[in-house]
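Have a look at the structure below before the remarks.
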Amino acid sequence: MDEDFDIIVVGAGFGGSVAAKLCADAELKTLMLERSENVGDKVISGLTIPFQGFLFAPAFIRDGNPPFERPADGIVNYIIKDIDKGDIEIDDSLKVPKPLSPIIAFGYNTYCKPFCQWQARKAVEAGVELRTSTTVTNFIKEGEFIKGIITDKGEKIRAKIVINAEGSQGILAIKAGVREKYPPETISLADTYDYVMRKEDIDKIFGYSVKMCWGWDEQKISPPLGYGNGLMVWPYRSSIHFMQDQCLRTDQKSVPNLGKLFDEYHHNITSKLLWWKDLVAPRAKLRARMWEGFEIYVGLNKKLRKMPNHTDGMILIGDAAGLESTELCDGVPAAWYSAEIAAQVAIEAIKANDVSKAFLKKYDDKIKAHSIIQWSIKGRNRYNLRIAQQEHDIKKLKKYIHQGWGLGSLTHFTTPFMKLLLAYVKEDPTIITKWIKMYFRYYQNWLHESYDYVKKKVIKVTASKRVRKKERKFLSTLRFIDLIMKSMLRIRRVLKIIIIPLSNSLNTLMRKSLPIIEPINSAIIKLLNPISNKLSNKMIKFVDKANPSIFYVY
Amino acid sequence: MVKTFKDFPGVQWVEGAGEFIKINDEKCIGCGNCVKVCLAGCFEIMEKKAKIKSLEKCLECAVCWYVCQEEAIIFSWPPGGTGYKSDWG
Ligand SMILES: Cc1cc2nc3c(=O)[nH]c(=O)nc-3n(C[C@H](O)[C@H](O)[C@H](O)COP(=O)(O)OP(=O)(O)OC[C@H]3O[C@@H](n4cnc5c(N)ncnc54)[C@H](O)[C@@H]3O)c2cc1C
Ligand code: SF4
Ligand code: SF4
């Protein structure tokens, strides 16, 4: 029977629209179905999409103008030893130092709805047919093959390949017999509060930093250590987001009374933590409260990790494929990466006229070879906090926090990051300057609240000669970097011998050298603080006034 | 028609969602897990069985379904365009 479409994408969340757009770019007839009335109505998450997501994102995101709420320069961890006595230690080692920050960001804080809508519009512009208010209830199956979908209105729509981006619950994948329901100990319920606050107050209290709080179980300020996140607060443009989350099962038997516990945590932290009580509470007004489950520890379970992410006629991406991260809850990058890989494989499969499981295995191979996806679904630092609690060992508590959300993350992130970075540089030596332009453009967009489709202010170009001169200098620096990178590629073989083995051992190198480097690094940062601040302000002024076109990627 | 509730600001519920979560009485053992995790208070235990009080504040998080170890909760999504929506997720 003839197919109605080449590709059907189920779900227009962070992954779905990316896959759909890339398929339509390759001139495949693509349909995207979304159960909510408006794209993003039902996506609860947002928060920080980390920098690696943007660096290695599909080009239309990296080189585009997506809407976000505030750049994030890093994390301030509050290690709460005794909240009543105010005995709190701070680990803020994972922060991009000035003058790089805030332009070179650690990530971007965003609301899901505008971001997902931005992605969906890009997909529609590329030729995707989008149908909202349409719940997919089942698949059309012929033998083992998925041949299309069935909607809540009973409509049957056929396609060569279904890309399933239905999100973490995976109701359809379970129905199709491809995956199983996750056990409760791998799922966390996130209780989220959104407060309105004046931008000037947020600038002063938070700046660009995300605040995270961790404390002993008996203080009841957050879930038992290792069974969820402590409290997290994200600064947005003129609002803040507050999230506490806890696993659905804290031991082999018991399911906690989450309603009661969340109220208790929320009350304790907001009434006892001084910076919340004195600084935030008088200035913040509650605007929304929502909750959503997410796959906190799915990746840590080998059996769950082995569940198929493809079958005859179907590829699963993002949360639906179990790719939510186990440490930072940063599932958006993996949703983007897997969407791009799925689109590439789907395009190839349709060209080869082979959509069988055997052909689509290429997708699984690429997911397994993706260094950052694999790193992000296997991180154990958050889980290990349980050990610190069991032993009530402050040293261990500090160690795991430092490794997960402090500079210690370099001891496990550097190698996977460098591996991907090198692959990107090899593919396109001008990528470095694209990244630099991305950071500057994103920051200028943020300063002027100017994103695609929602231009609130038009960026005015000044006629100042000084700014023009700086623009020329900026562009010639980029040209110089491009030149160097292109010439380095000519000596690729030599580099291969040196750089690849070096990148493979970077984690070990970091593990060994960090105890020495870190104190030196923080002393230098402190020493250079006055100069760095001045330089940072100068850079911000330049970005504010510069002609936006110098940050475009053509 | 769209509904809102004071205790859950910033979220709207579009009518027409219907009974998208159901309980299989025969399988339910009345363990109360669903009651404990549902922040919208959708469940209650009556005569040692879970009952759905109302799904009007349900946020479709599916955690009731995750914690039901007896597979007594039959979970599906509401019809397209109905159920909760929010701008602040
Ligand atoms: C509270 C919370 C905080 C998080 N914080 C972060 C963070 O800080 N950084 C980060 O990177 N990640 C974060 N994540 C994870 C991130 O949100 C997910 O990894 C990401 O959204 C996954 O994208 P996806 O496309 O796979 O699924 P989703 O974005 O969930 O999209 C799924 C889409 O499919 C639609 N859908 C589902 N079923 C059907 C159906 N049957 N028919 C039609 N449509 C359907 C849904 O309505 C939805 O629009 C967080 C998650 C949560 C819950
Ligand atoms: S969790 Fe399942 S078995 Fe337990 S009370 Fe609820 S429906 Fe019944
Ligand atoms: S889906 Fe979530 S909100 Fe809805 S009934 Fe189940 S637990 Fe309650």
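The values are calculated or read from the model by the stated rules, or taken from the named source; none is laboratory data. Since the structure is predicted, the reported quantities are computational estimates derived from the model, not experimental observations. We place every Cβ from the backbone using ideal geometry, glycine too, and count neighbours over all the protein chains shown.
Residues A:Pro515, A:Pro519, A:Pro548: which one is more than 30 Å from A:His412 (Cβ to Cβ) and not basic (Lys, Arg)? Give the derivation first.
Numbers: A:Pro515 fails: more than 30 Å from A:His412 (Cβ to Cβ); A:Pro519 fails: more than 30 Å from A:His412 (Cβ to Cβ).
Only one candidate passes the filter, namely A:Pro548.
Yes or no: A:Trp214 out of contact with any helix residue (DSSP H, G or I) (no Cβ under 9 Å at 6 or more places or on another chain) and buried (at least 23 other Cβ atoms within 10 Å of the Cβ)?
On the way: out of contact with any helix residue (DSSP H, G or I) (no Cβ under 9 Å at 6 or more places or on another chain): no; buried (at least 23 other Cβ atoms within 10 Å of the Cβ): yes.
For A:Trp214, the condition - out of contact with any helix residue (DSSP H, G or I) (no Cβ under 9 Å at 6 or more places or on another chain) and buried (at least 23 other Cβ atoms within 10 Å of the Cβ) - is not met.
If you take the residues in the range B:32-47 that are of a type in the set (A, V, I, L, M, F, W, C) and either at the interface with chain A (Cβ under 10 Å from one of its Cβ atoms) or within 16 Å of ligand 1 (Cβ to nearest atom) (or both), which one is surrounded by the most Cβ atoms within 10 Å (Cβ to Cβ)?
Taking the range B:32-47 as the starting set, the residues that turn out to be of a type in the set (A, V, I, L, M, F, W, C) are B:34-35, B:37-40, B:42-43, B:45-46.
From what's left, either at the interface with chain A (Cβ under 10 Å from one of its Cβ atoms) or within 16 Å of ligand 1 (Cβ to nearest atom) (or both): B:34-35, B:37-40.
Details: B:Cys34: 25, B:Val35: 21, B:Val37: 28, B:Cys38: 25, B:Leu39: 20, B:Ala40: 22.
Checking each candidate, the answer is B:Val37.
Can you pull out the strands (runs of 3 or more DSSP E) entirely within the range A:118-203 that have at least 1 residues that are in contact with a helix residue (DSSP H, G or I) (Cβ under 7 Å, 6 or more places away or on another chain)? Give the steps one after another, and end with the answer.
Working: elements: A:129-131, A:136-142, A:145-151, A:156-164, A:187-196.
Per the criteria, A:129-131, A:136-142, A:156-164, A:187-196.
Hey, among A:Ser238, A:Ser254, A:Ser271, which residue is of a type in the set (Gly, Ala, Ser), within 16 Å of ligand 2 (Cβ to nearest atom) and either free of Cβ contacts under 8 Å to residues at least 40 places away in the same chain or within 13 Å of another protein chain (Cβ to nearest Cβ) (or both)? Break it down stepwise before answering.
Details: A:Ser238 fails: within 16 Å of ligand 2 (Cβ to nearest atom); A:Ser271 fails: within 16 Å of ligand 2 (Cβ to nearest atom).
Sole residue among the options that is of a type in the set (Gly, Ala, Ser), within 16 Å of ligand 2 (Cβ to nearest atom) and either free of Cβ contacts under 8 Å to residues at least 40 places away in the same chain or within 13 Å of another protein chain (Cβ to nearest Cβ) (or both): A:Ser254.
Out of A:Leu31, A:Leu47, report the one residue that is at pLDDT 95 or above and either crowded, with 21+ Cβ neighbours inside 10 Å or within 15 Å of ligand 1 (Cβ to nearest atom) (or both).
Numbers: A:Leu47 fails: at pLDDT 95 or above.
Going through A:Leu31, A:Leu47 in turn, just one is at pLDDT 95 or above and either crowded, with 21+ Cβ neighbours inside 10 Å or within 15 Å of ligand 1 (Cβ to nearest atom) (or both): A:Leu31.
Conditions first: (1) within 12 Å of ligand 3 (Cβ to nearest atom); (2) farther than 30 Å from A:Gly154 by Cβ. B:Cys64 passes all but one, so which condition is the exception?
(2)
Please state which one of A:Ala320, A:Ala346, A:Ala335, A:Ala358 is touching a Cys at 6+ places or on another chain (Cβ under 8 Å) and among the hydrophobic types (A, V, I, L, M, F, W, C). Steps first, answer last, please.
Working: A:Ala320 fails: touching a Cys at 6+ places or on another chain (Cβ under 8 Å); A:Ala335 fails: touching a Cys at 6+ places or on another chain (Cβ under 8 Å); A:Ala358 fails: touching a Cys at 6+ places or on another chain (Cβ under 8 Å).
Selected residue: A:Ala346, the only one of A:Ala320, A:Ala346, A:Ala335, A:Ala358 that is touching a Cys at 6+ places or on another chain (Cβ under 8 Å) and among the hydrophobic types (A, V, I, L, M, F, W, C).
Quick check: anything in the range A:154-161 within 28 Å of B:Val63 (Cα to Cα), surrounded by 22 or more Cβ atoms within 10 Å (Cβ to Cβ) and either within 14 Å of another protein chain (Cβ to nearest Cβ) or in contact (Cβ under 8 Å) with a residue 24 or more places away in the chain (or both)? Step through it out loud before you land on a result.
At the first step, the residues of the range A:154-161 found to be within 28 Å of B:Val63 (Cα to Cα) are A:154.
Filter again for surrounded by 22 or more Cβ atoms within 10 Å (Cβ to Cβ), leaving none.
So far as the range A:154-161 goes, no, none of its residues is within 28 Å of B:Val63 (Cα to Cα), surrounded by 22 or more Cβ atoms within 10 Å (Cβ to Cβ) and either within 14 Å of another protein chain (Cβ to nearest Cβ) or in contact (Cβ under 8 Å) with a residue 24 or more places away in the chain (or both).
Does A:Arg468 satisfy being more than 28 Å from the chain's Cα centre (by Cα) and farther than 22 Å from A:Phe440 by Cα? Even if it seems obvious, please write down each step before you answer.
Numbers: more than 28 Å from the chain's Cα centre (by Cα): yes; farther than 22 Å from A:Phe440 by Cα: no.
When the stated conditions are applied, A:Arg468 does not pass them.
When both residues are 6+ apart or on different chains and their Cβ atoms are under 6 Å apart, which pairs have a first residue that lies in the range A:315-329 and is farther than 16 Å from A:Lys303 by Cα, and a second that is part of a loop (DSSP other than H, G, I, E, B)?
Final answer for the pair search is A:Leu316/A:Asn309; A:Ile317/A:Gly15; A:Ile317/A:Ala165; A:Gly318/A:Gly15; A:Gly318/A:Ala165; A:Asp319/A:Gly167; A:Asp319/A:Ser168; A:Glu327/A:Gly379.
Hey, A:Asp393 hits all of (1) touching a residue at least 12 places away in the same chain (Cβ under 8 Å); (2) over 28 Å from A:Pro58 (Cα atoms); (3) not hydroxyl-bearing (Ser, Thr, Tyr) but one; which does it fall short on?
All conditions pass for A:Asp393, except number (1).
Based on what the data block shows, is B:Gly89 touching a helix residue (DSSP H, G or I) at 6+ places or on another chain (Cβ under 7 Å), within 15 Å of ligand 3 (Cβ to nearest atom) and more than 25 Å from A:Ser254 (Cα to Cα)? Give the steps one after another, and end with the answer.
Numbers: touching a helix residue (DSSP H, G or I) at 6+ places or on another chain (Cβ under 7 Å): yes; within 15 Å of ligand 3 (Cβ to nearest atom): yes; more than 25 Å from A:Ser254 (Cα to Cα): yes.
In short, yes.
What single numbered condition from (1) more than 19 Å from A:Pro71 (Cβ to Cβ); (2) in contact with a helix residue (DSSP H, G or I) (Cβ under 6 Å, 6 or more places away or on another chain); (3) of a type in the set (A, V, I, L, M) fails to hold for A:Leu447?
It is condition (1) that A:Leu447 fails.
Scan (1) surrounded by fewer than 16 Cβ atoms within 10 Å (Cβ to Cβ); (2) in contact (Cβ under 8 Å) with a residue 60 or more places away in the chain; (3) within 16 Å of ligand 2 (Cβ to nearest atom) for the single condition B:Gly16 breaks and write down its number.
(3) is the only condition that B:Gly16 fails.
How many residues does the range B:65-82 hold that are closer than 28 Å to A:Thr151 by Cβ and away from ligand 1 (no atom under 16 Å from the Cβ)?
Of the range B:65-82, the ones closer than 28 Å to A:Thr151 by Cβ are B:65-66, B:68, B:71-82.
If we keep only those that are away from ligand 1 (no atom under 16 Å from the Cβ) as well, we get B:68, B:71-73.
Here the count works out to 4.
Could you tell me which of the residues A:Pro66, A:Pro58 is surrounded by fewer than 24 Cβ atoms within 10 Å (Cβ to Cβ), away from every other protein chain (no Cβ under 14 Å) and in contact with a Leu (Cβ under 9 Å, 6 or more places away or on another chain)? Give the steps one after another, and end with the answer.
Values: A:Pro66 fails: in contact with a Leu (Cβ under 9 Å, 6 or more places away or on another chain).
Within the list A:Pro66, A:Pro58, the selection yields A:Pro58.
Six or more apart or on different chains, Cβ atoms under 6 Å: show the pairs whose first residue is in the range A:23-36 and closer than 14 Å to A:Val345 by Cα and whose second is among the charged types (D, E, K, R).
A:Leu28/A:Asp6
Can you give me the number of residues within the range B:26-47 that are out of contact with any helix residue (DSSP H, G or I) (no Cβ under 7 Å at 6 or more places or on another chain), on the phi < 0 side of the Ramachandran plot and near ligand 2 (Cβ under 9 Å from one of its atoms)?
5
Is it true that A:Tyr424 is closer than 25 Å to A:Arg70 by Cβ, in contact (Cβ under 8 Å) with a residue 40 or more places away in the chain and among the aromatic types (Phe, Trp, Tyr)? Quick ask: steps written out before the conclusion?
Details: closer than 25 Å to A:Arg70 by Cβ: no; in contact (Cβ under 8 Å) with a residue 40 or more places away in the chain: yes; among the aromatic types (Phe, Trp, Tyr): yes.
No; evaluated as a whole, the condition is false for this residue.
Is it the case that some residue within the range A:288-303 is away from chain B (no Cβ under 13 Å), under 18 Å from A:Pro184 (Cα atoms) and among the basic types (Lys, Arg)? Spell out how you get there, then give the answer.
Filtering the range A:288-303 for residues away from chain B (no Cβ under 13 Å) gives A:299-303.
Next cut, under 18 Å from A:Pro184 (Cα atoms) only: A:299-303.
Narrowing further to those that are among the basic types (Lys, Arg): A:302-303.
So far as the range A:288-303 goes, yes, one or more of its residues are away from chain B (no Cβ under 13 Å), under 18 Å from A:Pro184 (Cα atoms) and among the basic types (Lys, Arg).
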